[in-house]
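The values are calculated or read from the model by the stated rules, or taken from the named source; none is laboratory data. These numbers were taken from a predicted model, which means no experiment stands behind them. For neighbour counting, all protein chains shown are included, and Cβ atoms are generated from backbone atoms with ideal geometry for every residue, glycine included. Just the protein is used for accessible areas: all its heavy atoms, side chains included, with ligands, DNA and RNA removed. Shrake-Rupley method; radii C 1.70, N 1.55, O 1.52, S 1.80 Å.
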Amino acid sequence: MSHAVIIVDTNVVVAGLLTANDASPVARILDGMLTAAFRFVVSEALLAEYHAVLVRPSLRKLHGLTVAEVETILIDLSQHAIVLTPVDAAPAPDPGDQLLWNLLAARVDLMLVTGDKRLIRDVGMRGRVIAPSAFVLGDQP
C-alpha cells in the first residue's frame, strides 16, 4: 500500500465492512485502518458521517453489526487516526462531499481514497483523489 497520508471516504469504509472478499482493496483498507498499517486522517465530521451511515437500519441488515459493535469499530479506527480540523475549500463536485474537500484542503500531503468516480475525475484535485485499488497497489498519479 501507499505511504501517503490518506482520508478514507465513507463509501470505502462501508464497502470494507460489507465485502465478503478479505483480499479486496476496500477490505484491505479497512483492515489497515484498524491495524494502523498506514497513516490516515479524519475530522469529527467525517467520524460522525461514518457513524451515521453505518448505523442506518438498511446497512445494519447487510453488515449484521449492532450499533454498539459499529461504535467499537469506530473507536478502534479513531485511536489510529490523525484528527484534523478541516478548512474552507473550493466547492466539492458534490455538495454532500464538502466535508471531504475541506479536510483534503487542510494539508497538501493528503490524498482522498474514494469509490466516488465523480470525485476521482475532479480536475481541481487531480492527483490527490484515488480509487481504493490504486491506493492498495501504490499506483498514484
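Miscellaneous remarks
- Model label sites at A48 and Q79, defined 7 Å from Cα along the beta-carbon direction, differ in position by 2.5 nm.
- Cα-based helix-to-principal-axis angle, 25-34 vs the chain, degrees rounded to 10: 80 degrees
- Net charge dipole, the range 70-141: roughly 280 debye, given to the nearest 20, about the Cα centre with Cβ charges of +1 for Lys and Arg and -1 for Asp and Glu.
- The magnitude of the dipole of the chain, with charges of +1 and -1 set on the Cβ of Lys/Arg and Asp/Glu and taken from the Cα centre, is near 280 debye.
- Solvent-accessible area, 1.4 Å probe, carbon plus sulfur percent, for the chain: 56 percent
- Extension gain for the segment L34 to D94, taken as residue separation times 0.36 nm less the Cα-Cα distance, is 18.8 nm to one decimal.
- FRET efficiency for L62 and L137, using Cβ-Cβ distance with R0 set to 30 Å, rounded to 0.05: 0.65
- Each of I82, L46, A20 was scored by the projection of its Cα onto the charge dipole of the chain, and the greatest displacement toward the positive side belongs to A20; charges sit on the C-beta of Lys, Arg, Asp and Glu.
- Helix axis angle, 67-80 relative to the chain longest principal axis, alpha carbon, degrees: 40 degrees
- Here the extension length gained between T72 and L18 equals 17.8 nm, from 0.36 nm per residue of separation less the Cα-Cα distance.
- Accessible surface calculations at 1.4 Å, restricted to protein heavy atoms, place the range 1-84 at 49 Å² per residue.
- Semi-axes of the equivalent ellipsoid of the range 60-117 are 26, 16, 10 Å, computed as sqrt(5λ) over the eigenvalues of the C-alpha gyration tensor in descending order.
- In the chain, the alpha-carbon atoms span a convex hull of 99 Å³ per residue.
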